[in-house]
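The next block holds one structure in the form of structure tokens; read it before the comments.
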């Protein structure tokens, strides 16, 4: 089983969108049983909160099932559980390192680094650009699945 954890700042927008997109992609491929996919935050400020309503709406517009969700913070034990920690922007890297330790950063990747256009995914909570965030996360998920299919060990 391949275990993947999406990470963003609050775990109410980008990381749950990533989780739900990837869950739907692997379900459509008939491979859902091969994956464990979850999401979490680097911060504590949204713990227990559901997915942000505009994030829910963008998933619904794209016919992505909205899974049960409550925000949680990344833990050190997540680094032992998950094979891949996929964060949304460079600023998350330091938060991930602080929580899981430098020794586990080999599992951590910025999501869009798997694409041909590596960059951060801006936080739609601030920008209001939920469609753009959705499109970028979807592209990152597709590229990540290609990475897994090729069995690459480099970014």
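Values quoted throughout were computed directly from the atomic coordinates according to the rules given, and no laboratory measurement underlies them. All of these numbers come straight from a predicted model, not from anything done at the bench. With ideal geometry, Cβ positions are generated from the backbone for all residues, glycine too; neighbour counts draw on all protein chains shown.
Quick look at the values:
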quantity: Any chance residue 41 is free of Cβ contacts under 8 Å to residues at least 40 places away in the same chain, more than 21 Å from residue 133 (Cβ to Cβ) and crowded, with 17+ Cβ neighbours inside 10 Å; calculated: no
quantity: Residues within the range 48-66 that are closer than 13 Å to residue 13 by Cα and in contact (Cβ under 8 Å) with a residue 24 or more places away in the chain, tallied; calculated: 10
quantity: The range 125-142 residues that are within 16 Å of residue 65 (Cα to Cα), paired with ones that are surrounded by fewer than 18 Cβ atoms within 10 Å (Cβ to Cβ) (beta carbon under 7 Å, 6 or more apart); calculated: 134/62
quantity: Test set (1) surrounded by 13 or more Cβ atoms within 10 Å (Cβ to Cβ); (2) closer than 23 Å to residue 47 by Cβ; (3) over 15 Å from the mean Cα position of the chain (by Cα) - residue 98 fails condition number; calculated: (1)
quantity: Which numbered condition residue 115 misses (of (1) in contact with a helix residue (DSSP H, G or I) (Cβ under 6 Å, 6 or more places away or on another chain); (2) under 17 Å from residue 25 (Cα atoms); (3) free of Cβ contacts under 8 Å to residues at least 12 places away in the same chain); calculated: (3)
quantity: Output for the range 11-34, where each listed residue is farther than 17 Å from residue 84 by Cα and under 12 Å from the mean Cα position of the chain (by Cα); calculated: 12, 13
quantity: Set 46, 80: member being out of contact with any helix residue (DSSP H, G or I) (no Cβ under 6 Å at 6 or more places or on another chain), surrounded by 20 or more Cβ atoms within 10 Å (Cβ to Cβ) and more than 17 Å from residue 137 (Cβ to Cβ); calculated: 46
